[in-house]
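Each remark here refers to the structure printed beneath this line.
What follows draws every value from the coordinates through simple rules; no lab data is involved. It should be emphasised that the depicted structure is a prediction, and the values quoted were computed from it without experimental measurement. A quick note on method: Cβ atoms are made from the backbone with ideal geometry, for glycine too, and the neighbour counts reach across all protein chains shown.
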Ligand SMILES: Cc1cc2nc3c(=O)[nH]c(=O)nc-3n(C[C@H](O)[C@H](O)[C@H](O)COP(=O)(O)OP(=O)(O)OC[C@H]3O[C@@H](n4cnc5c(N)ncnc54)[C@H](O)[C@@H]3O)c2cc1C
Ligand SMILES: Cc1cc2nc3c(=O)[nH]c(=O)nc-3n(C[C@H](O)[C@H](O)[C@H](O)COP(=O)(O)OP(=O)(O)OC[C@H]3O[C@@H](n4cnc5c(N)ncnc54)[C@H](O)[C@@H]3O)c2cc1C
Ligand code: SF4
Ligand code: FES
């Protein structure tokens, strides 16, 4: 989506939708200029451009026991996946984590659609004091048979999840979040390395086999515009922006 | 022997600091003087050289007489986008190549005259003749590049209801996201688009066919579909280091600048890295545009690396000349083999080898061969890969029954119809990356065929 004439195009996950009302739900974290501007919008305001849905939908099948792991704002894309997986006859265990209690989202929704829900916070203000991977490790030790792990969140977390499941040969799917421009496969800004090959997240993804993704490379490429992003934010939200 | 009237241009020193148009256009007097050079041949070669067959001697004659309104009317009979073609067509390979005057000296500046009358018309304000009566037929056009624009305009003029779908937020295709402001001001593209809206074409942006709506869904709602989705998929060299930070596809680089306005960052929100030492790989228009845009962003040194020689470069001659005047360096017979990065993952150097030309290949150009032990490196902080584009497979992947070639282009018959009944295609999606005017030519052909197809139904 693009918020105004001078705005950047940014990708957001469709967290929920209501076909009858013709609405979609987006959940975003105000981290930079565009998301801050988005946060300033009031009910009834307009977003200039919106395009989607893009990418490939999650493959929903009966796998057996599935663990869905969301971190930070990545939790936004968990409920739709968890719900569909549950409806397909899977046992769904959700683990969500955040830096601190206030940043936890969708707890209630996930409680309803998951067979089990675990919460972790980095600072221990709610749930387990530590990382989502702590819970995952425990689950793996306790009940050997986990058939699929789905993970969305900060790259460092997805990398950690992949490292935990790799020795156990548990199929793990990560939803990647590289910097995008067009979202149609035209620019290659979103390219990631999977199995040593270049893939475009916007058309080939966003979900990839986490054991084959080069997460360090993704982390590096996410830093490409740090200086500019800081400048943009420091410049603040100008009068002409709203 | 007379020489061409040169077109006034921005001084190179000054223009590399702005994104304003380089060539400033003829004055009326200059245009008339240039028009007077035309011999009005009885068997003019120029018309044959023009892919859409503009009546060149006729419109030039009108300019000579000072009747610019009639001149543009003649051009528009065959060409919907004269202000654009006058600026970006490779005239030296088309009409001007066959101009009699060119055999001994300098051909008539046909492209510049075309631009002159189109600009004259735009400044005066377009006149739209009354809308035709509606036929009740509906056509969907996918992609708003020159092919899609041409099909839309032609069909709308015949009274068909046309809906034009564009994936990006702004219509125009490469004309908007690829070709930079200093060569083709976006104002002009927008004016042309406004023109087709006045014919009654409805434009829907932000719709990705194959994702938002499938092609088959379009077929249910429309009597015919035209696919003009272009060749937007960047090609890579497949060498180590191409994923480093600071390596761009030309598409990303130019899209950030042109479509997103990154050259006006931070006023516009989309960032771009302002490289100081930039290497651009490739020898076509896309490479020239990237190099000259990098220079305007503030690079100290921009170097074009091309594996063949100047003679084989596919860029328009004018662009090569302009790039040279602006201080862009050319390294011919040079093939990058590796991009090297620093510990943080940013580009530092590019390693290349030297080439020599061997026997001609399929394209008739002599095939470059690597010279052994000729490796050398160049220090750079930005690399832009401009070695070509392939068709975007989004539509063919999500549509059953569309026949595709090995190169990913769509297969069409002599009328531009694909292997799927009622689905037509043209432009870069069929030919592979080509030119604006060839895409328009394909659009014209398809428009005629679509008209016949739906009129029979
Ligand atoms: C497929 C996908 C789904 C996403 N879903 C969500 C979501 O549901 N909710 C949510 O809050 N965020 C989501 N994000 C991240 C979101 O796009 C970024 O937070 C947003 O672009 C930040 O823009 P900004 O101007 O506010 O911040 P900036 O200051 O511009 O950037 C902050 C950080 O955001 C990332 N970012 C910046 N620009 C882009 C861009 N054009 N494309 C991708 N990442 C960028 C970079 O890591 C950057 O360092 C998603 C990203 C992807 C790729
Ligand atoms: C940087 C650059 C410089 C060039 N310079 C010149 C020049 O000087 N002279 C010249 O003659 N030619 C030049 N060319 C080539 C010329 O621009 C192309 O040949 C021409 O634009 C092709 O037209 P088209 O209509 O086939 O496609 P395009 O112009 O590529 O337009 C296709 C459109 O379709 C849209 N689209 C794609 N997929 C979908 C989908 N699934 N759903 C909806 N919309 C979709 C795209 O977003 C795009 O807007 C240049 C090309 C580039 C990239
Ligand atoms: S070939 Fe040249 S001189 Fe002859 S009619 Fe065409 S433009 Fe004029
Ligand atoms: S965002 Fe441009 S190719 Fe994926």
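Taking the Cα-to-Cβ direction at residue B:356 and at residue A:227 and moving 7 Å from each Cα, how far apart do the two end points lie in nm?
4.3
Largest first and to the nearest Å, give the Cα extent of the stretch B:43-104 along each principal axis.
Ordered largest first, the stretch B:43-104 gives principal extents of 31, 23, 17 Å.
Could you give the angle, 0 to 90 degrees to the nearest 10, between helix A:132-142's Cα long axis and the longest principal axis of the Cα atoms of chain A?
For A:132-142 against chain A, the angle is about 20 degrees.
When every alpha-carbon pair in the stretch B:99-227 is counted, what percent end up more than 27 Å apart? Don't skip to the end; give the middle numbers.
Working: 2521 of 8256 pairs.
Considering the stretch B:99-227, 31 percent of its Cα-Cα pairs are separated by more than 27 Å.
What FRET efficiency comes out for the pair residue A:14/residue B:187, r = Cβ-Cβ distance, R0 = 35 Å, nearest 0.05?
Details: r = 36 Å, r/R0 = 1.02.
Efficiency computed from Cβ-Cβ geometry: 0.50.
When you look at the Cβ of every residue in A:1-9, what mean number of other chain Cβ atoms sits within 10 Å?
Numbers: counts 2, 6, 1, 2, 3, 9, 6, 9, 7.
Average neighbour count from other chains, rounded to a whole number: 5.
In degrees from 0 to 90, rounded to the nearest 10, what is the angle of the helix A:78-87 Cα long axis to the longest principal axis of chain A?
The two axes meet at around 40 degrees.
Using only Cα atoms, locate the centre of the stretch B:1-66 and the centre of the stretch A:203-227, then give the distance between them in Å, rounded to an integer.
So the separation of the two Cα centres works out to 50 Å.
Restricting to the stretch A:146-210, what percent of DSSP beta bridges are antiparallel, rounded to 5? Write out the running numbers ahead of the final one.
Numbers: 7 of 12 bridges.
Looking only at bridges with both residues in the stretch A:146-210, the antiparallel portion is about 60 percent.
Evaluate peptide A:175-185: per residue, the Cβ atoms of other protein chains within 10 Å of its Cβ; return the mean as an integer. Provide the component values of the computation, followed by the final result.
Numbers: counts 0, 0, 0, 0, 2, 0, 10, 11, 4, 10, 9.
Going residue by residue through A:175-185 and averaging, the value is 4.
Place a label point 7 angstrom from the Cα of residue A:216 along the Cα-to-Cβ direction, then list the residues of the stretch A:116-156 whose backbone nitrogen is under 20 Å away.
Residues A:154-156 fall inside that zone.
Taking 0.36 nm per intervening residue step and subtracting the Cα-Cα distance, what contour gain separates residue A:36 from residue A:99 on full extension? Mind dumping the intermediate values first?
Details: separation 63, 0.36 × 63 = 22.68 nm, distance 1.94 nm.
Net length gain for the segment: 20.7 nm.
Partner chain Cβ atoms within 10 Å, averaged over the residues of A:188-201 - can you pull that number for me? Mind showing how you got there, number by number?
Details: counts 13, 7, 1, 7, 1, 1, 0, 0, 0, 1, 4, 0, 2, 0.
For this peptide, the per-residue mean of nearby foreign Cβ atoms is 3.
Measure nothing fancy, just the Cα-based angle from helix A:155-165's long axis to the longest principal axis of chain A, in degrees from 0 to 90, nearest 10.
10
Given R₀ = 30 Å, what would the calculated FRET efficiency be for residue B:379 paired with residue B:3, taking r from the Cβ atoms and rounding to 0.05? Spell out each step's value before the answer.
Values: r = 42 Å, r/R0 = 1.41.
My answer for the efficiency is 0.10.
To check you understand DSSP bridge types, tell me what percent of the beta bridges within the protein assembly as shown (both residues inside) are antiparallel, rounded to 5.
On the way: 35 of 93 bridges.
Counting DSSP beta bridges with both partners in the protein assembly as shown, the antiparallel share is about 40 percent.
Compute the distance in nm between two label points, each set 7 Å from the Cα along the Cα-to-Cβ direction, one at residue B:452 and one at residue B:14.
5.3
Is any residue of the stretch B:200-214 close enough, with backbone N under 18 Å, to a label point placed 7 angstrom from the Cα of residue A:24 along the Cα-Cβ axis, and if so, which?
Answer for the stretch B:200-214: B:204-214.
Order of B:92, B:13 from fewest to most other C-beta atoms within 10 Å? Each step should come with its number before you reach the end.
Details: B:92 14, B:13 10.
Result, fewest neighbours first: B:13, B:92.
Compute the distance in nm between two label points, each set 7 Å from the Cα along the Cα-to-Cβ direction, one at residue B:73 and one at residue B:366.
The two pseudo-label positions are separated by 5.2 nm.
Can you give me the Cα centroid spacing of the stretch B:142-206 and the stretch B:365-433 in angstrom?
What the calculation gives is 22 Å, centre to centre.
Would you mind telling me the antiparallel percentage of the DSSP bridges in the stretch A:16-108, rounded to 5?
30
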